[in-house]
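Worksheet: one structure, shown below.
The values are calculated or read from the model by the stated rules, or taken from the named source; none is laboratory data. Since the structure is predicted, the reported quantities are computational estimates derived from the model, not experimental observations. Positions of Cβ are backbone-derived with ideal geometry, glycine not excepted, and every protein chain shown enters the neighbour counts. We work out accessible area using only protein heavy atoms, side chains counted, and drop any ligands, DNA or RNA first. Shrake-Rupley method; radii C 1.70, N 1.55, O 1.52, S 1.80 Å.
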Amino acid sequence: MQSYEERLTAPRSWWFITVLVGIACGLILLPVGPLPMLGGVIGGIVLTGALVSSYGSVRIRVVAGSLVAGDARIPVAALGDAEVLDAEEARAWRTHKADLRAFMLLRSYIPTALRVQITDPSDPTPYAYLSTRHPQALADVLAAARAESV
């Protein structure tokens, strides 16, 4: 059985912004004194870093006959066809083509995506939109997992 795992980490530029936020916090506390300024720098970096890290810690996995994307767990038997989306198509499915009922695990800093039909008649969700750096690999693993579950 094939498996797939991908972590949708935040881009490096966000970590640079984290340092800038820490410096800004330190500058705000500069009039109070050097020790509070240092605390502001450290506190700003730690808090912003925790925020960036938590946003970039979401995972997409195919394990034990299920697609696990963030908090969602969908059995592969309930999945239909997967469509690999290039940057332009992914943008369209994030905006004007999007269905409000769809499950969207999107990260705007990842240009490509995979759109997977959900075929379970008891589930009102028409499809899952998954931002991924490797949409073809994920589609291949899902197809293989669906073939094994039949």
- Query: For the chain, modelled as a Gaussian network with Cα springs under 10 Å, which listed residue fluctuates most, 95, 18, 125?
  - Reply: 95
- Just 76, 46, 58 to compare: in a GNM of the chain, with alpha carbon springs under 10 Å, which one fluctuates most? 46
- Item | Student exercise, the chain dipole from Lys, Arg, Asp, Glu Cβ charges, in Debye to nearest 20 | 440 debye
- Rounded to a whole %, the carbon-and-sulfur portion of the accessible area of the range 45-150 at a 1.4 Å probe is 56 percent
- Helix-only CD estimate at 222 nm, as mean residue ellipticity for the chain, using -39500 (n - 2.57) per DSSP H run (n ≥ 4): -13500 deg cm²/dmol
- Task: Before anything else, pin down the relative contact order of the chain: Cα pairs under 8 Å, at least 6 apart, normalised by residue count, whole percent.
- Result: 23 percent
- Of (1) 115; (2) 128; (3) 148, the label for volume of the Cα convex hull per residue in Å³ derived from the coordinates: (2)
- Task: Please calculate how many Å² of accessible area the chain carries per residue, with a 1.4 Å probe and no DNA, RNA or ligand atoms counted.
- Result: 57 Å²
- Query: In sequence order, what are the phi-derived ³J(HN,Hα) couplings for the range 123-135 according to the Karplus relation 6.51 cos²θ - 1.76 cosθ + 1.60 with θ = phi - 60°, rounded to whole Hz, with x for glycine and proline?
  - Reply: 9, x, 6, x, 7, 10, 9, 10, 5, 8, 7, 10, x
- In the chain, taking the dipole from +1 charges on Lys and Arg beta carbons and -1 charges on Asp and Glu beta carbons about the Cα centre, the listed residue (60, 43, 77) farthest towards the positive end is 43
- Item | GNM top mover of 108, 122, 66 - the chain, alpha-carbon springs below 10 Å | 122
- Considering only DSSP states other than H, G, I, E and B, which trypsin sites (Lys or Arg not before Pro) in the range 96-150 qualify as loop sites with at most 15 other Cβ atoms within 10 Å? 97, 101
